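The values are calculated or read from the model by the stated rules, or taken from the named source; none is laboratory data. Remember, predicted model here, so these are calculated numbers, not experimental data. Here the Cβ positions follow ideal geometry from the backbone for every residue, glycine too, while neighbour counts run over all protein chains shown.
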Amino acid sequence: MAKWPTAIWQPGAPCSGSLRPIAVCLHHQAGSGNPINVYKSRNVSAHFWIPKSGTPVQHVDTAVRAWHGVAHNDYSIGVETEGCGAAPHAEPLTEHQLNMFAALMKWANQTHGIPLQLSEDVRQPGLNYHRCKGGPATGCPCDVRKNARAEILRRAGGAPAAPSAPAAPAPSPGGGAAPPWPGRYLKYPPVMAGEDVRTWQAQMRARGWSIGVDGQYGPQSADVCTKFQREKGLGVDGVVGPQTWAAAWTAPVT
């Protein structure tokens with residue numbers, strides 16, 4: 001039995017055959033609450049469900065094939081994440097979901113040998129997603145959750161980028177193309193850390209702002225963010241969300 005130690009085992013979801021997973025597949029639920037009854041009524045399933053808060057639930061043993069994504073069923077551990085609205089304007093994973101997913105990835109690495117790296121194909125080991133290459137034509141997951149995979153892997157202690165992933169654009173004064181929003185809101189307090197913070201800080205410094213590039217979103221970063229938002233006529237809250245992130249690259253320097 002391949003059970004995640006921190007999850008609640010809840011048998012009964014449709015499944016069949018054996019599985020030797022090489023990847024973990026990210027899904028968004030597009031709803032709330034434990035989906036076990038939805039699984040049964042639609043004859044589908046995923047191995048895990050990670051709620052916005054509270055304890056994750058394991059519906060299917062990871063040594064058994066779940067019915068969550070056509071081709072994915074033969075290769076992946078399926079993970080539903082609670083919430084998410086209509087793409088592309090969807091809610092990001094909560095801090096709790098990011099931490100729980102990271103813990104799950106670490107466990108999958110130790111238990112099944114799944115590498116802590118991004119995967120863009122059903123048959124490529126790592127952390128992929130429902131609509132990746134070889135998967136079905138679907139809007140699942142929304143971009144904001146798909147883009148959160150790098151942060152999940154960072155928290156799990158793995159590599160945040162796939163070997164073939166293109167490098168992020170170098171910092172530029174403004175008026176260029178913005179790299180994809182990383183999928184989480186940068187805010188303070190508490191201090192948030194990560195390569196997404198460092199990327200935004202480097203871009204703000206390239207624009208001429210006095211800001212340290214240390215990958216730590218603390219009071220100085222929040223102050224620069226607030227002043228930048230006010231200057232550009234954005235919502236002033238000191239939080240780097242999708243609009244503020246994009247404006248750091250696309251808005252002209254004034």
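Filter segment 80-130 for residues that are within 24 Å of G241 (Cα to Cα), surrounded by fewer than 18 Cβ atoms within 10 Å (Cβ to Cβ) and either touching a Leu at 6+ places or on another chain (Cβ under 8 Å) or among the charged types (D, E, K, R) (or both) and give the result.
The answer is E91, E95.
Has segment 80-91 got at least one residue that is under 21 Å from W181 (Cα atoms), charged (D, E, K, R), part of a helix (DSSP H, G or I) and touching a strand residue (DSSP E or B) at 6+ places or on another chain (Cβ under 7 Å)?
For segment 80-91, residues under 21 Å from W181 (Cα atoms), charged (D, E, K, R), part of a helix (DSSP H, G or I) and touching a strand residue (DSSP E or B) at 6+ places or on another chain (Cβ under 7 Å): absent.
Out of curiosity, is P115 within 26 Å of G183 (Cα to Cα), part of a loop (DSSP other than H, G, I, E, B) and in contact with a Lys or Arg (Cβ under 6 Å, 6 or more places away or on another chain)?
No; evaluated as a whole, the condition is false for this residue.
Report the residue count in segment 1-22 for those that are more than 26 Å from L118 (Cα to Cα), part of a loop (DSSP other than H, G, I, E, B) and of a type in the set (G, A, S).
The number of residues fulfilling the criteria is 2.
Please note which helices (runs of 4 or more DSSP H) are completely contained in segment 143-253 and include at least 3 residues that are charged (D, E, K, R) and at pLDDT 90 or above.
It comes to 149-156, 219-232.
Looking at segment 94-102, is at least one residue outside any helix (DSSP H, G or I) and among the charged types (D, E, K, R)?
No - not one qualifying residue is present in segment 94-102.
How many residues, within segment 23-40, are in a loop (DSSP other than H, G, I, E, B) and either in contact with a helix residue (DSSP H, G or I) (Cβ under 8 Å, 6 or more places away or on another chain) or surrounded by 16 or more Cβ atoms within 10 Å (Cβ to Cβ) (or both)?
Total meeting the criteria: 5.
Just give me the residues in segment 191-211 being within 26 Å of I152 (Cβ to Cβ) and surrounded by fewer than 18 Cβ atoms within 10 Å (Cβ to Cβ), in sequence order.
Listed by number, the residues that qualify are V191, A193, E195, R198, A202.
Tell me which residues, restricted to segment 46-79, are under 28 Å from W181 (Cα atoms), among the small types (G, A, S) and part of a strand (DSSP E or B).
S76, G78
Mind listing whichever residues of segment 23-54 are of a type in the set (V, I, T) and either within 18 Å of the chain's Cα centre (by Cα) or modelled with pLDDT of 95 or more (or both)?
V24, I50, listed by residue number.
Within segment 224-254, which residues are polar (S, T, N, Q) and either over 22 Å from P189 (Cα atoms) or outside the structural domain of W200 (by TED's automatic domain parsing) (or both)?
Across segment 224-254, the qualifying residues are T250, T254.
If you go through segment 45-56 one residue at a time, how many are within 21 Å of A23 (Cβ to Cβ) and surrounded by fewer than 20 Cβ atoms within 10 Å (Cβ to Cβ)?
0
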